[in-house]
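Student: Quick one: this structure, given as structure tokens, is what I'll be asking you about.
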Amino acid sequence: MTIHLEQTDLDTRDAYPTRFADGERVIERSDPVLWSSWSEDAPITREQAEAYDRDGYLVMKNVFSANEVRALIDASAELRRSGEELRREDVVTEPGSDAVRTIFRLDEHSEMFRRLAHDTRLAGVARFLLGDEVYIHQSRLNYKPGFTGKEFYWHSDFETWHAEDGMPRMRAVSASVLLTDNDALNGPLMLMPGSQRTFIGCRGKTPEHNHETSLRKQEIGVPSHDALFTLAERHGIDHASGPAGTLIFFDSNTMHGSNGNITPFPRSNAFFVFNAISNRLEAPFAAPAPRPAFLANRGTPQPITPVEGSLA
Ligand code: 6CS
Ligand code: FE
């Protein structure tokens with residue numbers, strides 16, 4: 001059963017309640033999507049800013065040179081080779097196999113990816129979109145091997161970051177850099193354009209240590225089929241495709257997921273989640289305890305100073 005809540009129904013501390021025992025709630029967003037007004041000195045065009053605000057995501061192509069893309073692909077392959085030497089907790093394998101699915105804390109394991117995260121084309125744009133200084137909430141390399149890459153089911157990242165990490169408001173953005181060509185067939189990111197303006201408060205209390213299973217297959221914090229059907233009917237479903245080097249920004253609450261990959265062609269993408277400094281984490285809003293540091297940077301993070309120039 002889905003109940004529609006008005007803002008007045010909500011308590012002041014938690015504007016986005018979720019993980020209910022008895023059902024699901026639909027709550028209209030009370031935060032801006034684009035937190036800055038566009039001006040001539042913005043790092044993206046007016047059309048790009050308007051597209052991001054309208055759709056909750058933005059695809060940017062030809063942002064990096066061929067040399068830079070090559071350097072990023074090499075760094076990703078190097079990381080994958082050194083997978084076994086990385087901190088075990090930072091590496092999540094596919095359900096039912098030891099194929100690497102995700103490497104977390106990407107910016108700590110690779111100088112090239114740390115530099116990418118700090119680049120004006122990522123951190124500089126995130127500062128504009130969020131209208132604040134920014135820091136990295138989470139970074140990861142998602143692999144989707146050929147033949148066996150599994151899906152990432154529909155979800156809002158913010159729903160998890162709010163419930164389990166204590167992220168107060170929708171003032172975070174993910175920047176994804178494609179490290180392989182992503183096309184309609186090999187499990188690209190699918191997004192519902194406009195869905196960022198509706199928060200689905202999900203059914204199901206958060207179990208202890210939920211992240212130990214959710215990163216392989218998310219089952220808590222997942223909207224009902226009714227809610228997903230309504231959002232898909234209203235907004236449609238886009239997929240973000242492009243050659244290696246394509247850059248995608250998507251709002252923390254844009255409903256997204258990706259299909260499995262049975263083609264022989266692997267799909268891998270780097271993700272950097274930028275959070276506004278003013279939106280630093282508090283106590284979890286709907287979980288027994290905060291998640292570990294490899295998933296969410298806690299405390300008093302320092303703002304990133306964006307770096308200009310070529311990566312390679
Ligand atoms: O739980 C998380 O933080 C991660 N889970 C998903 C499916 N997307 C966002 C994030 O990487
Ligand atoms: Fe996600």
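The values are calculated or read from the model by the stated rules, or taken from the named source; none is laboratory data. As the structure is a computational prediction, the values presented were derived from the model and not from experiment. Because the Cβ atoms are built from the backbone with ideal geometry, glycine has one as well, and the counts that use them run over all protein chains shown. Heads up: the accessible areas ignore ligands, DNA and RNA and are worked out on the full protein's heavy atoms, side chains in. Shrake-Rupley method; radii C 1.70, N 1.55, O 1.52, S 1.80 Å.
Student: Compute a Gaussian network model of the chain, connecting alpha carbons closer than 10 Å, and tell me which residue from Ala175, Ala163, Ala51 fluctuates the most.
Tutor: It is Ala51.
Student: Give the shape of the stretch 53-96 as rounded, prolate or oblate, defined through the alpha-carbon gyration tensor: a ≥ b ≥ c are the square roots of its eigenvalues, a/c under 1.5 means rounded, and otherwise the shape is prolate if a/b is larger than b/c and oblate if not.
Tutor: On the way: a/c = 3.57, a/b = 1.45, b/c = 2.47.
It is oblate, given that a/c is not under 1.5 and a/b is not larger than b/c.
Student: With a ≥ b ≥ c the root eigenvalues of the C-alpha gyration tensor of the stretch 74-174, is it rounded (a/c under 1.5), prolate (a/b larger than b/c) or oblate?
Tutor: On the way: a/c = 2.13, a/b = 1.36, b/c = 1.57.
Judged from the Cα gyration tensor, the stretch 74-174 comes out oblate (a/c at least 1.5, b/c at or above a/b).
Student: Relative contact order for the chain: what percent, with Cα pairs under 8 Å and sequence separation of 6 or more? Working shown, then result.
Tutor: Working: 703 pairs, mean separation 97.7, N = 312.
RCO, the chain: 31 percent.
Student: While we're here: In debye, nearest 20, what is the charge dipole magnitude of the stretch 162-221 about its Cα centre with +1 on Lys and Arg Cβ and -1 on Asp and Glu Cβ, if you could check?
Tutor: Working: 7 positive and 7 negative charges, 69 e Å.
With Lys and Arg at +1 and Asp and Glu at -1, about 340 debye.
Student: Assign unit charges at the C-beta atoms only (+1 for Lys and Arg, -1 for Asp and Glu), then state the dipole size of the stretch 97-172 relative to its Cα centre in Debye, rounded to the nearest 20. Walk me through the intermediate numbers first.
Tutor: Values: 11 positive and 12 negative charges, 46 e Å.
In debye, rounded to 20, the stretch 97-172 gives about 220.
Student: Additional query: Please name which of Ala172, Ser110, Ser214 has its Cα lying farthest along the dipole of the chain towards the positive end, using unit charges on Cβ (Lys, Arg +1; Asp, Glu -1) and the Cα centre as origin.
Tutor: Of the options given, the answer is Ser110.
Student: Computed over the Cα atoms, what is the radius of gyration of the stretch 31-274 divided by 2.2 N^0.38 Å, N being its residue count? Intermediate values should be presented prior to the final figure.
Tutor: Numbers: Rg = 17.1 Å, N = 244, 2.2 N^0.38 = 17.8 Å.
Compared with the compact-globule rule of thumb, the stretch 31-274 sits at 0.96.
Student: Moving to a separate point now. Give me the distance in nm between label points sitting 7 Å out from Cα along the Cα-to-Cβ direction at Asp181 and Glu219, one decimal.
Tutor: Calculated label separation equals 3.8 nm.
Student: While we're looking at this one, here's another question. Straight-line reach only, C-alpha to C-alpha below 29 angstrom: list the lysines that Lys217 could link to, leaving out same-chain residues fewer than 8 apart.
Tutor: Partners found: Lys144, Lys150, Lys205.
Student: PRE reach from Arg54 (point 7 Å along Cα→Cβ): which of the stretch 182-203 fall under 15 Å by backbone N?
Tutor: Taking a point 7 Å out along Cα→Cβ of Arg54, the residues of the stretch 182-203 whose backbone N falls under 15 Å are 193-196.
Student: OK, next. Calculated FRET efficiency, Ser37 and Val307, Cβ-Cβ r, R0 22 Å, to nearest 0.05? Could you put the intermediate results ahead of the total?
Tutor: Working: r = 25 Å, r/R0 = 1.14.
Calculated transfer efficiency: 0.30.
Student: A further question on this structure: Given points 7 Å out from each Cα along the Cα-Cβ axis, report the Arg70 to His239 separation in nanometres with one decimal.
Tutor: In this crude label model, Arg70 to His239 measures out at 3.0 nm.
Student: OK, next. Quick one: Cα centre-to-centre distance for the stretch 72-124 and the stretch 288-312, in angstrom?
Tutor: One Cα centre to the other: 14 Å.
Student: Under a GNM of the chain (C-alpha, springs under 10 Å), which listed residue has the highest mean-square fluctuation: Thr45, Thr198, Thr148?
Tutor: Maximum fluctuation in the GNM of the chain, among the listed residues, is at Thr45.
Student: Also, I was wondering about something else. Please give me the summed charge of the neighbours of Ala184: other residues whose Cβ is under 12 Å from its Cβ, Lys and Arg +1, Asp and Glu -1. Present the calculation step by step, with values, prior to reporting the outcome.
Tutor: Values: positive: Arg267; negative: Asp181, Asp183, Asp238.
Net of charged neighbours comes to -2.
Student: Calculate, for the chain, the solvent-accessible area per residue in square angstrom, rolling a 1.4 angstrom probe over the heavy atoms of the protein chains.
Tutor: On the way: 13310 Å² over 312 residues.
Value returned for the chain: 43 Å² of accessible area per residue.
Student: OK, next. Excluding Arg87 itself, what net charge comes from residues whose Cβ is under 10 Å from its Cβ, given Lys and Arg +1 and Asp and Glu -1?
Tutor: Values: positive: Arg88, Arg105; negative: Glu85, Glu89, Asp90, Glu108.
So the environment of Arg87 carries a net charge of -2.
Student: Under unit Cβ charges (Lys, Arg +1; Asp, Glu -1), what dipole magnitude, rounded to 20 debye, does the chain have relative to its Cα centre? Walk me through the numbers on the way to the answer.
Tutor: On the way: 33 positive and 45 negative charges, 91 e Å.
The dipole magnitude comes to about 440 debye.
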